[in-house]
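Enquirer: Provided herewith is a single structure, encoded as structure tokens, for subsequent inquiry.
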Amino acid sequence: TIIVKPILVLAGGFGSRLKSVVSDVPKPLAPVCGKPFLMHLIEHLVFQGAREFVLLLYYEAELVRSMIAKNVDRSYLDGVKITSIIEDRPLGTGGSIMNAINAFNINESFLVVNADTWLGGGLKQLSLSSPNSIAAVKVKDCSRYGAMVMDGKKIERFLEKESSSSDGLINAGLYHLNPDVFAGFSESSSFSLEADIFPLVIGNGMLSAIQIDTDFIDIGIPEDYFRFCSWIESGKTSEL
């Protein structure tokens, strides 16, 4: 039985904040110990039970596709299905997901991950949760991410980045969503999952957070990218 639902991977972004150190490839292909970050991520998700991926691509899409093609014979990818969709213009995180829902006629709930975020675990937990839910991790300083204001397990609102430097729960970039939350948006329009979809679902009292106690890193800025590289080099023995 498939325990983990299909995963849409948001991998179309420009990665502008990482450009100073990774300029020749798009962010998901940032090299980590001789292997693109995206392959580390897919391998990690497969070990947690994932069997089906759809890569949502735009920027340098063919580079990402050829990298996947080069790696399909890896033994851990046996029985794993990886497809991709290339957008003809930037659609934002929300538009990108809606585009895939329409293209693949997705009518059951699915998972979404960011191609620049690493979460130590929690995939099965989130897959078995009721949609619509977000994986949340506790961090010491929320200022870079924006904290979540909770009412029990329900998310009441997201605080703006920089507005809270204390500890708290943040969005960990892994979601379990129902396709119907995208219903009000026009096809092929550009919009954001975080800024447009989530506030809508919160307004209906339907967005939950599932707290995962695990490692979390977003490689979007150089210092965290280097920290992740060191962690992989250490054989994941050091603290992340």
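The values are calculated or read from the model by the stated rules, or taken from the named source; none is laboratory data. Model, not experiment: these values are computed from the prediction. Heads up, the Cβs are rebuilt from the backbone with ideal geometry, glycines too, and the neighbour counts pull from every protein chain shown. Each accessible area value is taken on the protein alone, full model and side chains, heavy atoms only, with ligands, DNA and RNA left out. Shrake-Rupley method; radii C 1.70, N 1.55, O 1.52, S 1.80 Å.
Enquirer: Keeping to the stretch 119-154, report how many residues are in a strand (DSSP E or B), open to solvent by less than 40 Å² (accessible area, probe 1.4 Å), closer than 14 Å to D167 by Cα and in contact (Cβ under 8 Å) with a residue 12 or more places away in the chain. Give the derivation first.
Expert: Within the stretch 119-154, the first condition is being in a strand (DSSP E or B), and the residues that meet it are 119, 133-139, 147-151, 154.
Restricting the remaining residues to those that are open to solvent by less than 40 Å² (accessible area, probe 1.4 Å) gives 119, 133-137, 139, 147-149.
From what's left, closer than 14 Å to D167 by Cα: 136-137, 139, 147-149.
Still in the running and in contact (Cβ under 8 Å) with a residue 12 or more places away in the chain: 136-137, 139, 147-148.
Looking only at that region, the number is 5.
Enquirer: Taking the stretch 206-240 as the search range and keeping residues that are open to solvent by 20 Å² or more (accessible area, probe 1.4 Å) and of a type in the set (A, V, I, L, M, F, W, C), which one is farthest from S16 (Cα to Cα)?
Expert: Here the answer is M206.
Enquirer: What is the residue count in the stretch 167-211 for residues that are out of contact with any Gly (no Cβ under 8 Å at 6 or more places or on another chain) and part of a loop (DSSP other than H, G, I, E, B)?
Expert: Counting residues in the stretch 167-211 that are out of contact with any Gly (no Cβ under 8 Å at 6 or more places or on another chain) and part of a loop (DSSP other than H, G, I, E, B) gives 10.
Enquirer: Against the condition surrounded by fewer than 15 Cβ atoms within 10 Å (Cβ to Cβ) and either closer than 23 Å to V21 by Cβ or touching a Pro at 6+ places or on another chain (Cβ under 6 Å) (or both), how does S165 come out, does it pass? Show your work before the answer.
Expert: On the way: surrounded by fewer than 15 Cβ atoms within 10 Å (Cβ to Cβ): yes; either closer than 23 Å to V21 by Cβ or touching a Pro at 6+ places or on another chain (Cβ under 6 Å) (or both): no.
It is false that S165 is surrounded by fewer than 15 Cβ atoms within 10 Å (Cβ to Cβ) and either closer than 23 Å to V21 by Cβ or touching a Pro at 6+ places or on another chain (Cβ under 6 Å) (or both).
Enquirer: Same structure, new question: Among the numbered conditions (1) farther than 27 Å from F37 by Cα; (2) surrounded by 16 or more Cβ atoms within 10 Å (Cβ to Cβ); (3) in contact (Cβ under 8 Å) with a residue 60 or more places away in the chain, tell me where F158 comes up short.
Expert: The one condition F158 does not meet is (3).
Enquirer: In addition: From the list G79, G49, G13, G34, pick out the single residue that is in contact with a strand residue (DSSP E or B) (Cβ under 9 Å, 6 or more places away or on another chain) and of a type in the set (G, A, S). Let's see the steps before the verdict.
Expert: On the way: G79 fails: in contact with a strand residue (DSSP E or B) (Cβ under 9 Å, 6 or more places away or on another chain); G49 fails: in contact with a strand residue (DSSP E or B) (Cβ under 9 Å, 6 or more places away or on another chain); G34 fails: in contact with a strand residue (DSSP E or B) (Cβ under 9 Å, 6 or more places away or on another chain).
None of the others qualify; the one that does is G13.
Enquirer: Let me ask something else. Can you tell me how many residues in the stretch 77-96 are within 17 Å of F14 (Cα to Cα) and not hydroxyl-bearing (S, T, Y)?
Expert: Qualifying residue count for the region: 10.
Enquirer: Output the residues belonging to the stretch 64-118 that are open to solvent by 70 Å² or more (accessible area, probe 1.4 Å) and in a loop (DSSP other than H, G, I, E, B).
Expert: Residues satisfying the conditions are V72, D73, R74, D78, D88, R89, F104, N105, N107, E108.
Enquirer: So, in the stretch 1-40, exactly how many residues are hydrophobic (A, V, I, L, M, F, W, C), in contact with a Lys or Arg (Cβ under 7 Å, 6 or more places away or on another chain) and buried (at least 17 other Cβ atoms within 10 Å of the Cβ)? Before you say what the answer is, go through the steps one by one.
Expert: We begin by selecting, within the stretch 1-40, every residue hydrophobic (A, V, I, L, M, F, W, C); these are 2-4, 7-11, 14, 18, 21-22, 25, 29-30, 32-33, 37-39.
Now restrict to residues that are in contact with a Lys or Arg (Cβ under 7 Å, 6 or more places away or on another chain): 2-4, 18.
Going one step further and asking which of them are buried (at least 17 other Cβ atoms within 10 Å of the Cβ), we end up with 4, 18.
So the answer is 2.
Enquirer: Is it the case that L177 is open to solvent by less than 20 Å² (accessible area, probe 1.4 Å) and over 25 Å from P31 (Cα atoms)?
Expert: yes
Enquirer: May I pose another question? L123 versus (1) of a type outside the set (K, R); (2) closer than 17 Å to E194 by Cβ; (3) out of contact with any Lys or Arg (no Cβ under 9 Å at 6 or more places or on another chain): which is the lone unmet condition?
Expert: (2)
Enquirer: Looking only at the stretch 47-63, count how many residues are of a type outside the set (S, T, N, Q) and either within 20 Å of S109 (Cβ to Cβ) or assigned to a loop (DSSP other than H, G, I, E, B) (or both).
Expert: Within the stretch 47-63, the first condition is being of a type outside the set (S, T, N, Q), and the residues that meet it are 47, 49-63.
Now narrow it down to the ones that are either within 20 Å of S109 (Cβ to Cβ) or assigned to a loop (DSSP other than H, G, I, E, B) (or both): 49-56, 58-60.
So the count comes out to 11.
Enquirer: Cβ-Cβ under 9 Å, sequence separation 6+ or interchain: first residue in the stretch 187-208 and at pLDDT below 95 and among the acidic types (D, E), partner in a helix (DSSP H, G or I) and open to solvent by 60 Å² or more (accessible area, probe 1.4 Å). Which pairs?
Expert: E187/N102
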